[in-house]
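Only the coordinates and a few stated rules stand behind these numbers; no lab work does. As the structure is a computational prediction, the values presented were derived from the model and not from experiment. Methodologically, a virtual Cβ is constructed for each residue, glycine included, from the backbone with ideal geometry; neighbour enumeration extends over all protein chains shown.
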Amino acid sequence: MLSRRHFLAVAGGGATLTHPISKLLEDGRTPVRDKPLRGDYWGTQFYDEKELQQLTEVHSNRQPFRWYGPGTQPPQKVATFEKEWASRMQTRFALAVTSGTSALQTALAALQIGPGDEVILPAWTWHSCFNSIVLAGALPVFAEIDESFNIDPADIEGKITPQTKVIMAVHLQGNPCDMDRIMSIANKHQLKVLEDCAQSVGASYKGRPLGSIGHVGIFSLQLNKTITAGEGGALVTNDPILFERAARFHDLGALRPGHEKVLSQSKLDGFAAPNFRLNEFSGGVLLAQARKLDTIVEAVRNHARRVHEGIRDLSGLHLRQLPDPEGELGSAVFLGFSSKEQCERFMALMKKENVPAQRPAGSVILPIVPYIEKKITVHPAWPSFNTERGKSIRYGASCCPRTIDILARFAGVSLNPKFTRQDTDDIVAAIRKVYPTIS
Ligand SMILES: Cc1ncc(COP(=O)(O)O)c(C=O)c1O
């Protein structure tokens, strides 16, 4: 029996194994790892005395509300987070909100999207994208994804109608969209671009932070994201009108002195709006986490780079399309196969190696979700599906066959910023061992 180290030396050295791996394992050969490789939530692994200090300060100052409280100094946590977030994302303005979903709702409100308007979004993304459009009273129109798992720019133009106002460019599972093509389509048709960076916080495209390229960008800071306060969200923009409308929308239509100062001049009246304000405890934790963002991103990108380098000479290697490999977050390394069966076989063999590979995750094929396919809303007279166009639009599998096909043929290994060198060596070894046996 080969020792684990000996095996790694062989597999990592690029030797081609001649027997199917399942046979080797049945023959008593050891898997690449003794125990399954497991990740953990990213941001919370980096919690230390910095987050604790922020919480303690809010607690001892008794200032949990962002706009005022007891004491002579005004609360500063959320305001400082906004200032530093705008600087990190290279935008003029940043607004903290309660979640990525409320950030999407705020962004659509900032863009004045409402009944009669259409928003194009990818068929594979999170519920929040579809729901926020419906909650604005507008109509979601799905476009297919391509092998980047992001919206396929080639499918966008065919979905544009005179009612289309916004393209939702969702950067999924760490991978930037092809922003050059999306911005060029948007400019040609005078559409706005909302970048949803919920799953790619800290990634960039051609040197620019995601969120700073379109007209407005949003982030989720929920537990599964790059950094977290459990829940939380943010919005960025360079446009003062969009920022004022967003700031007002997140706070009952009011513009507080803190934001008025950031804007220097108010240009809008108040309007009816919800409350999506972030509290100072969350603001403090997010401030501490945001200051660690680059460390987290660098760590996970290094792992992704090592895995890519370790497998790049594999013959016939088919990877997820990366519009900007340098800017990608590196949350996972995905491999493509010619059929669903091959993909399933790859996942079964990787599991035996204790290096599990999964299908693209964190999103759903929205058009086939029952409440979406049936166009169910909270009120029967909800405007989204009561216009002529809303009544005639059809969701379901027939509106996204390519999306369904692509997602069935890709699987990958998720990476984690706290992985060790040995972990990434194991990933490389397992892929090198299994991939060549799939045909
Ligand atoms: C693409 C995308 N957009 C928006 C959201 C919503 O974020 P939140 O959970 O913070 O509301 C998510 C959450 O996972 C997401 O994946």
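Within the shell defined by Cβ-Cβ distances under 13 Å, the residues around Glu231 carry a net charge of +2, with Lys and Arg each +1 and Asp and Glu each -1.
Principal axis extents of the C-alpha atoms in region 140-184 (largest first, rounded to whole Å): 32, 18, 15. In a DSSP loop and with at most 13 other Cβ atoms within 10 Å, the GluC sites (Glu not before Pro) in region 303-354 are Glu326. Taking the Kirkwood radius as Rh and the Cα radius of gyration as Rg, the chain has a ratio of Rg/Rh equal to 1.01.
If you count Lys pairs in region 194-325 whose Cα atoms are under 28 Å apart, skipping same-chain pairs closer than 8 places in sequence, the total is 4. When region 173-322 is described by a simple charge dipole with +1 on each Lys and Arg Cβ and -1 on each Asp and Glu Cβ, the residue from Ala246, His215, Ser264 located farthest towards its positive end is His215.
Take the alpha carbon atoms of region 396-438, find their radius of gyration, then divide it by 2.2 N^0.38 Å using N residues; give the quotient.
1.68
Projecting label points 7 angstrom from Cα along Cα→Cβ for Thr56 and Glu260 puts them 3.7 nm apart. Helix-only arithmetic for the chain: the sum of -39500 (n - 2.57) across DSSP H runs with n ≥ 4, divided by the residue total, places the mean residue ellipticity at 222 nm at -11000 deg cm²/dmol.
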